[in-house]
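Chemist: The following block contains the structure, expressed as structure tokens.
Derivation of every value follows stated rules applied to the coordinates shown; laboratory data play no part. Quick caveat: nothing in here was measured; it's all calculated off a predicted structure. Please note: Cβ atoms are built from the backbone with ideal geometry, for glycine as well, and neighbour counts cover all protein chains shown.
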């Protein structure tokens with residue numbers, strides 16, 4: 001299968017997963033059924049209409065609207081196209097243009113307030129870096145793991161300087177890269193683990209729990225289940241912290257082998273559902289392009305008009321030879 005076909009599928013799945021996951025973002029699992037009695041099965045409502053639970057809020061998110069996950073992914077892709085490599089200053093310059101979910105309390109807020117694209121963060125362990133790392137997997141082959149991990153570091157440090165954030169971004173970038181190469185799921189997992197461990201040298205962990213250990217634990221636990229059910233997953237691994245968000249995304253992608261299934265499982269977990277759905281679906285979509293729900297993406301395209309594919313397709317031609 002042509003590399004470009006996998007790239008297109010990956011980023012279609014990323015954007016669709018982001019928008020579907022937004023419907024339940026921040027909700028505890030018990031509240032999902034209050035808003036969606038049968039659970040999330042796709043888009044609930046007419047694309048473009050305000051999602052009922054956001055009506056009257058500070059920002060009225062619409063059905064089919066993508067979030068800062070997709071917006072920042074696009075920013076990274078543009079930066080890579082401009083420089084041909086990952087540069088934290090160029091990525092920072094593009095991030096300064098991002099407007100979604102920009103308010104006090106989020107990592108991007110302090111960065112934008114400083115207004116300096118070269119500014120680097122010395123701390124911060126959220127998944128904000130990981131959620132925008134997929135374009136690195138387009139540019140860097142998994143065979144050049146040192147370059148890929150360094151790229152993840154450059155992608156992270158404008159807003160996230162903590163070890164977990166950097167290692168999570170490395171894991172996502174590596175998983176996307178390996179999936180785009182058509183490697184089997186278990187090998188995608190191994191490459192992600194190698195990248196995460198290698199990234200620990202750039203910012204050593206300050207606690208025993210690492211992203212690599214969390215990926216291993218969650219993957220092997222979920223892979224041993226006969227059936228993946230959101231109500232069972234959420235009891236142990238509610239996606240409310242860095243130790244669960246990225247490991248869940250990678251695990252669901254590899255185990256299900258389906259962008260659509262990954263999106264729906266993630267959306268029915270609540271918590272940081274849009275990030276789990278967008279990251280996981282990007283990996284699954286690259287692995288198995290036929291599992292991307294084209295109707296979902298068409299709805300997303302109609303609501304957002306994002307130029308994501310217009311950027312990532314040229315980016316695929318810049319991929320370094322391994």
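Chemist: Which one is nearest to residue 72 (Cα to Cα), of the residues in segment 157-168 that are free of Cβ contacts under 8 Å to residues at least 60 places away in the same chain, in a helix (DSSP H, G or I) and under 16 Å from the mean Cα position of the chain (by Cα)?
Modeler: The residue in question is 166.
Chemist: Being in contact (Cβ under 8 Å) with a residue 60 or more places away in the chain and either assigned to a helix (DSSP H, G or I) or exposed (fewer than 15 other Cβ atoms within 10 Å of the Cβ) (or both) is the filter here, so list the residues in segment 99-136 that pass it.
Modeler: Across segment 99-136, the qualifying residues are 130, 131, 132, 134, 135, 136.
Chemist: From the list 215, 211, 233, 166, exactly one residue is crowded, with 24+ Cβ neighbours inside 10 Å and out of contact with any helix residue (DSSP H, G or I) (no Cβ under 6 Å at 6 or more places or on another chain). Which is it?
Modeler: None of the other options fit; the residue is 233.
Chemist: Which condition from (1) assigned to a loop (DSSP other than H, G, I, E, B); (2) in contact (Cβ under 8 Å) with a residue 40 or more places away in the chain is the one that residue 240 breaks?
Modeler: (2)
Chemist: Kindly list the number of the only condition in (1) closer than 26 Å to residue 34 by Cα; (2) surrounded by fewer than 24 Cβ atoms within 10 Å (Cβ to Cβ) that fails for residue 294.
Modeler: (1)
Chemist: Scan segment 23-38 for residues that are exposed (fewer than 15 other Cβ atoms within 10 Å of the Cβ) and part of a loop (DSSP other than H, G, I, E, B) and jot them down.
Modeler: Hits for segment 23-38 are 26, 28, 37, 38.
Chemist: Mind listing whichever residues of segment 66-98 are touching a residue at least 60 places away in the same chain (Cβ under 8 Å), surrounded by fewer than 24 Cβ atoms within 10 Å (Cβ to Cβ) and not in a helix (DSSP H, G or I)?
Modeler: Selection gives 67, 84, 85, 87.
Chemist: Let me ask you something else. Would you call residue 222 crowded, with 24+ Cβ neighbours inside 10 Å and in a helix (DSSP H, G or I)?
Modeler: Answer is no for this residue.
Chemist: Within the group 203, 194, 183, which residue is within 19 Å of residue 135 (Cα to Cα) and not in a helix (DSSP H, G or I)?
Modeler: 183
Chemist: Would you check if there is a residue in segment 230-237 being under 18 Å from the mean Cα position of the chain (by Cα), in contact (Cβ under 8 Å) with a residue 12 or more places away in the chain and at negative phi?
Modeler: yes
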